[in-house]
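The values are calculated or read from the model by the stated rules, or taken from the named source; none is laboratory data. As the structure is a prediction and not an experimental result, all values here were calculated from the model. For neighbour counting, all protein chains shown are included, and Cβ atoms are generated from backbone atoms with ideal geometry for every residue, glycine included.
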């Protein structure tokens, strides 16, 4: 399992307005493209510099492609990254704080200690 | 020599800017009370007449990332741009550019390294809402040069809580030894109990009001022993999964000094999290003169 790579996906998409919209409208295609083209990108470098070994597990890829924030929380993806990106994706479809409260309810079955977020 | 004229610890709430500027139906019912409390808090900084602001905060995965994560980092640049696209998107925060005080940055780095803190540095730092929220609340003119200091309260493994207090004590000593004849205020922001992305987020109050009550008491009294005996990296998960931001309050307790009571304490119970505001005047209240010592200037409750 690669919590780091899950976080890298959430981080790189959340900071790019075009990728936020692309992930909202085409999660399957965006995750597939991102894993092929972006997962190995060394962020502070030219495209030719590549990390060779980073890839999602099947479960991680499926969770991202399903916009499944609950599973991401259970996997130990960084909750700030998941929350921030998913607010960007879905808050617009809801009333004030409605999405945030529903999000809390959706993960209410998780008891402490929460999944470890250390990477 | 430099004079430390105010030590300020605060929560940083990214929704304040939008709430305080909203009008009509968009203005939340708690906005007026919040603005009133912020304006009173702001007056405690204004009265200290600072020339320079040392700003302690924590990057929220904006510039600092898991491929290269510093624990404590000091900005050293002539300017700092501020607020990122995703903060503009979620919180409505404006773009800002703040001047830097590079001489003080260099002094903190050199003296901090020599005092046992292996500080990282950045010569091109785009700061985030952990630094700009207190600029917006406490110095909205944004007219003073700053030294940003970032701590890692966000991406484990984190430094131990006692290191935050020790770094605060070191920052105090380093500022006291700065040879420039300038008035320095240190402003640091963190959180009380806070949950982000978990079951207890966005509730009617902060996730753990009892922790908040104890935390406010530790800070207001400068109670290092009480705080350190009840706070650990493990225990901070219990009040809420983002409560490690409380360690930035511990850093500010270190700047203010052990058992030094805050001259100004205020809180505001909001949805999602409690706000808390503290000011210390190391050389006495500016209103009451340099011999006022520990006399309280205002303690609204």
Within region B:220-264, residues part of a loop (DSSP other than H, G, I, E, B) and either within 14 Å of another protein chain (Cβ to nearest Cβ) or modelled with pLDDT under 95 (or both) come out as B:232, B:233, B:234, B:238, B:239, B:240, B:241, B:242
- Query: Could we say that residue B:137 is away from chain A (no Cβ under 14 Å), over 20 Å from residue B:171 (Cα atoms) and assigned to a helix (DSSP H, G or I) here?
  - Reply: yes
Among B:51, B:59, the single one that is in contact with a strand residue (DSSP E or B) (Cβ under 6 Å, 6 or more places away or on another chain) and either at pLDDT below 95 or within 14 Å of chain A (Cβ to nearest Cβ) (or both) is B:59
Selection over region B:186-219 where residues are within 14 Å of another protein chain (Cβ to nearest Cβ) and within 14 Å of the chain's Cα centre (by Cα) yields a count of 1
Of the residues in region B:113-131, those that are part of a helix (DSSP H, G or I) and more than 17 Å from residue B:152 (Cα to Cα) come to B:113, B:114
Q) Is one or more of the residues making up region B:230-245 within 15 Å of residue B:71 (Cα to Cα), within 18 Å of the chain's Cα centre (by Cα) and crowded, with 18+ Cβ neighbours inside 10 Å? A) yes
Note on region B:199-218: residues in contact with a helix residue (DSSP H, G or I) (Cβ under 9 Å, 6 or more places away or on another chain) and either surrounded by fewer than 24 Cβ atoms within 10 Å (Cβ to Cβ) or free of Cβ contacts under 8 Å to residues at least 24 places away in the same chain (or both) are B:199, B:200, B:201, B:202, B:203, B:205, B:208, B:211, B:214, B:217, B:218
Of those in region A:39-58 that are surrounded by 17 or more Cβ atoms within 10 Å (Cβ to Cβ) and touching a helix residue (DSSP H, G or I) at 6+ places or on another chain (Cβ under 7 Å), the residue nearest to the other protein chains (Cβ to nearest Cβ) is A:39
Per the filter on region A:87-101, residues within 7 Å of chain B (Cβ to nearest Cβ) and in contact (Cβ under 8 Å) with a residue 12 or more places away in the chain are A:87, A:88, A:100
Among residues of region B:97-111 being in contact with a strand residue (DSSP E or B) (Cβ under 7 Å, 6 or more places away or on another chain) and surrounded by 16 or more Cβ atoms within 10 Å (Cβ to Cβ), the residue nearest to residue B:77 (Cα to Cα) is B:100
Original post:
Has region B:161-169 got at least one residue that is buried (at least 24 other Cβ atoms within 10 Å of the Cβ) and within 14 Å of chain A (Cβ to nearest Cβ)?
Top reply: no
Screening B:120, B:142 for residues that are over 11 Å from the mean Cα position of the chain (by Cα), away from chain A (no Cβ under 14 Å) and within 21 Å of residue B:49 (Cβ to Cβ) leaves only B:142
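Okay, residues lined up against (1) buried (at least 19 other Cβ atoms within 10 Å of the Cβ); (2) under 25 Å from residue A:78 (Cα atoms):
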| residue | (1), (2) |
| --- | --- |
| B:14 | yes, yes |
| B:28 | no, no |
| B:49 | no, no |
| B:60 | yes, yes |
| B:74 | yes, yes |
| B:80 | yes, no |
Within region B:147-157, restricting to residues that are surrounded by fewer than 24 Cβ atoms within 10 Å (Cβ to Cβ) and within 18 Å of residue B:188 (Cα to Cα), the one that is farthest from the other protein chains (Cβ to nearest Cβ) is B:152
Checking B:187, B:135, B:127 in turn, the sole residue that is in contact (Cβ under 8 Å) with a residue 12 or more places away in the chain, under 15 Å from residue B:12 (Cβ atoms) and surrounded by fewer than 24 Cβ atoms within 10 Å (Cβ to Cβ) turns out to be B:135
Of the listed residues (A:77, A:104, A:66, A:118), the one being touching a helix residue (DSSP H, G or I) at 6+ places or on another chain (Cβ under 6 Å), at pLDDT 95 or above and either farther than 19 Å from residue B:272 by Cβ or facing chain B (nearest Cβ under 10 Å) (or both) is A:77
